[in-house]
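The values are calculated or read from the model by the stated rules, or taken from the named source; none is laboratory data. On a predicted model such as this, the values are computed, not experimentally measured, just so you know. Ideal geometry is used to build each Cβ from the backbone, glycine not excepted, and the neighbour counts take in all protein chains shown. Calculation scope for accessible area: heavy atoms of the full protein, side chains included, ligands and nucleic acids excluded. Shrake-Rupley method; radii C 1.70, N 1.55, O 1.52, S 1.80 Å.
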Amino acid sequence: MGSKNKIERFKHSLELDENLALHLKGWKIQKISWLFILGMVVLTALGLFGQGPLSKQHVAQNNIAFEYERFSRYSKETVVRLQLKDRKGAARIAIPFSYIEGFRLESVVPEADQTDMLEEGFVYTFTNSTEKEKDMIIHFYLYPRKAGRIQGTWTVNQSDFKLSHFIYP
Amino acid sequence: MNPTIRGVAIYIFLLVLFRILGKRSLSQITTFDFVLLLIVGEATQQALLGDDFSITNSLLVIIVLMSIDLLFSQLKGTFNLLDRFVEGAPLIIVEHGKALKVRMKKSGVDEEDVLEAARVSHGFERMNQIKYAVLERDGNISIIPFSPQ
């Protein structure tokens, strides 16, 4: 089996520099590169570059849960999903300026009843005057402004949640 | 992102990728290769221009790509090793009518490719009419016949 895969070597009359050593090295590099490319395809499918199990992040405490994509790509929309369960009274969500510097906030669905720019950052207030809506889901649609790591601590009704993203260029 | 960085990154990425794919993907345009090149072209355009469709950006990207091409051409002429790395080297794949199977397998070439090249260039019918077949740097196969004696 060893001799079957051994490269043929012989003398020839052509004025030609084959550089067999280069070919052998090249084929080895080629094989490794193909494995690397295959690995990248698998990791991409799994969400290493966004949209997959490797990227999905879930953070929860005190009946408040965040779901967001840990990995995303530049100028690709990303969504932060916030779920509030059994809420009493208004929901107050503060997004720090450091986070907003990294993202352009395209829209908030549903729209907040009140939006303020305070020292702590952008504050979105969702009142619950009827006391009927105990459970609420809010979607924040964001576009990355830059590549690299973007992180910030959101405050939802006095509970802190650290959100961290890596944006590929 | 700066047009220079975009242009350089994409150019080098494609250069390395096509080297890894192997020579035949460049010279032999089958339907599969045609579709691949078409799609790669479209994806590359998006990556090069991003969301900036101004004439200025387009011209800058074109200038960057041409500059890199020029630079590589100059460097290849000066540094033989770079030339070998980027362009590769020719490889004999048939010797005195005998197909060199290991070389052909590693290069992604089969006997049909060689016979096709022989028919097209010399009208040959059989492998034993070929003295040498060389897989050239650009992916083409050149056929050297036996001297008429």
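Computed from Cα atoms, the angle from the helix A:20-46 axis to the main principal axis of chain A rounds to 20 degrees. How much of the accessible area of chain B, probe 1.4 Å, is carbon plus sulfur, in whole percent? Exposed carbon and sulfur together represent 65 percent of the surface.
Relative to the longest principal axis of the Cα atoms of chain B, helix B:111-122 runs at roughly 80 degrees. Here the simple spin-label model places points 7 Å from the Cα toward Cβ, and for B:Gln45 and A:Thr127 these points are separated by 5.2 nm.
Report, to the nearest 10°, how far helix B:3-21 tilts away from the longest principal axis of the Cα atoms in chain B, using its own Cα long axis and a range of 0 to 90°. That works out to roughly 20 degrees. Helical content of chain B, expressed as a calculated mean residue ellipticity at 222 nm, amounts to -20000 deg cm²/dmol (DSSP H runs of 4 or more residues, -39,500 (n - 2.57) each, divided by residue number, nearest 500). Of all aspartates and glutamates in the structure, the ones whose alpha carbon falls short of 13 Å from that of B:Lys106, not counting any fewer than 8 places away in one chain, are A:Glu8.
When B:Met127, A:Met40 are compared by accessible area at a 1.4 angstrom probe, the order from most to least is A:Met40, B:Met127. With the simple spin-label model, which puts each label point 7 Å out from Cα in the Cβ direction, the B:Arg119 to B:Ser147 separation comes to 3.0 nm. Structure remark: mean-square fluctuation, Gaussian network model of chain A, C-alpha springs under 10 Å; the largest value among A:Asp116, A:Asp86, A:Asp17 belongs to A:Asp17. Chain A packed on chain B takes about 2100 Å² of accessible surface away from a 1.4 Å probe, both sides summed. Label-to-label distance, A:Asp160 versus B:Met66, with points set 7 angstrom from Cα along the beta-carbon direction: 5.6 nm.
If the chain linking A:Asp86 and A:Leu118 were pulled fully straight, counting 0.36 nm for each residue of separation and taking away their Cα-Cα distance, it would gain 8.8 nm. For chain A, lysine pairs separated by 8 or more sequence positions, or belonging to different chains, with Cα-Cα distances below 20 Å total 15.
The residues of chain A expose on average 62 square angstrom of accessible surface per residue, using a 1.4 Å probe on protein heavy atoms.
Ranked by solvent-accessible area (1.4 Å probe, protein heavy atoms only, all chains present), the residues B:Arg84, B:Arg126 order from largest to smallest as B:Arg126, B:Arg84.
Our helix-only sum for chain A, with -39,500 (n - 2.57) per DSSP H run of n ≥ 4 divided by its residues, gives a mean residue ellipticity at 222 nm of -6500 deg cm²/dmol. Relative to one another, the C-alpha centroids of region A:33-64 and region B:72-138 are positioned 42 Å apart.
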